[in-house]
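This report refers to the structure that appears directly beneath it.
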Amino acid sequence: MLFLPLLFSISNGDALKSMLIEDGWVDMGTSQRDFGTVHSRHKPLDGLDCLEAQATTSLPLKALKEVILDIEGNVNWSSADLLVSEVLSQGNGRIDYVQVLNVPAPFSDRLWVLSGQVTTNAAGWHFVWQRIPGEGYDRVTELHSEYPDAVEISSNVGSWSLLPIENGQHVARFRSCNDAGGNIPRWAGEQTARLMLPTNIVDLFREAEKRRD
C-alpha cells in the first residue's frame with residue numbers, strides 16, 4: 001500500500017488520502033497511444049469518480065520531472081484548453097498555482113487554486129496536489145474579475161508519480177479526483193475526464209521527449 005506524507009491541512013485531505021491508497025482501484029482497460037500502452041483504472045470515492053492512467057517509459061527522469069513541474073508551461077504542452085496557468089508562490093518543494101480552463105458554451109469556464117508538494121519515498125518520486133482557498137492571493141482576485149463567469153471547482157486532488165521498475169525504466173502514473181460542479185452534470189464531467197485520461201500520459205511523454213538531453 002502506498003501512502004505519501006500529507007503536508008496539507010485543507011478540506012480535500014480525506015479525498016487525497018483515499019486517492020493515494022492502492023486498495024479499491026478497478027481496471028478500465030488499456031489503449032494504444034503514442035509512446036505505448038496506457039492502462040486506466042478508476043475508484044469511486046464519496047460520489048466522485050477518481051481516475052488513474054499509467055504507462056511505462058524509458059524517457060529521462062530529469063525531463064519527466066521538469067515537465068510535470070512546469071506549471072506555467074501547461075498552457076503550451078497540455079491538451080487541456082487552459083486559458084491561465086500561473087505559479088502563485090513556491091518554496092521547499094511546494095508550489096501554489098492557479099489555472100483557468102476554457103469550457104465551451106453553454107457551460108462556464110472553470111477555475112481552481114491548487115497547492116502541490118514534491119515528495120519522495122521508497123516507491124519513487126511524486127507531485128501531489130489539492131485545492132486550497134485562493135482568497136489570500138491578489139492574482140486570484142484579479143482572475144475572478146477577468147473571468148467573472150468562471151466557476152471555482154470545490155474538489156480537486158491529484159498526483160503524478162514516477163515509479164522506477166528496471167533497466168532505467170519508470171512507470172509514469174497520473175491520478176485525479178475532482179468535480180467540475182456548477183452547471184456541468186457530474187456524469188458529463190466524468191465522461192469527459194475518462195475520454196481525456198490517457199491524453200495526460202501522452203502529453204507528458206511527448207513534451208519530455210522534446211526536452212531530453
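For this structure, a couple of remarks:
- Within straight-line reach of Lys62, meaning a Cα separation under 19 Å, sit the following aspartates and glutamates at least 8 residues removed in sequence or on another chain: Asp70, Glu72, Glu166, Asp203, Glu207, Glu209, Asp213.
- Residues in segment 133-139 carry Karplus couplings, in order, of x, x, 4, x, 10, 4, 4 Hz; the curve used is 6.51 cos²θ - 1.76 cosθ + 1.60 with θ = phi - 60°, and Gly or Pro positions show x.
- The order of Lys43, Lys210, Lys17, going from fewest to most other C-beta atoms within 10 Å of their C-beta, is Lys210, Lys17, Lys43.
- Whole-Hz Karplus values for segment 144-150 come out as 5, 6, 6, 10, x, 8, 5 Hz, taken residue by residue from phi with 6.51 cos²θ - 1.76 cosθ + 1.60 and θ = phi - 60°; glycine and proline positions read x.
- Cross-link partners of Lys65 among lysines, defined as those whose alpha carbon lies under 17 angstrom from its own and excluding same-chain residues fewer than eight positions apart: Lys210.
- One chain, two ends: Asn167 and Asn102. Fully extended at 0.36 nm per residue, the span grows by 19.4 nm beyond their Cα-Cα distance.
- The aspartates and glutamates within cross-link reach of Lys43, meaning a Cα-to-Cα straight distance under 18 Å and a gap of 8 or more places when in the same chain, are Asp14, Glu22, Asp23, Asp27, Glu52, Asp179, Glu190.
- Were the residues from His144 through Glu209 laid out at 0.36 nm apart, the gain over their Cα-Cα distance would be 19.9 nm.
- Anisotropy class of segment 95-140 from Cα gyration tensor, a/c 1.5 cut: oblate
- Phi-derived couplings, Karplus 6.51 cos²θ - 1.76 cosθ + 1.60 at θ = phi - 60°, listed residue by residue for segment 88-102: 8, 6, 7, x, 6, x, 9, 10, 9, 8, 10, 9, 10, 9, 6 Hz, with x used for Gly and Pro.
Bear in mind these aren't lab numbers, they're just calculated from the coordinates by the rules spelled out. Computed from a prediction, not measured in an experiment: that's the story for all the values here. Note that each Cβ is placed from the backbone with ideal geometry, even for glycine, and that neighbours are counted across all protein chains shown.
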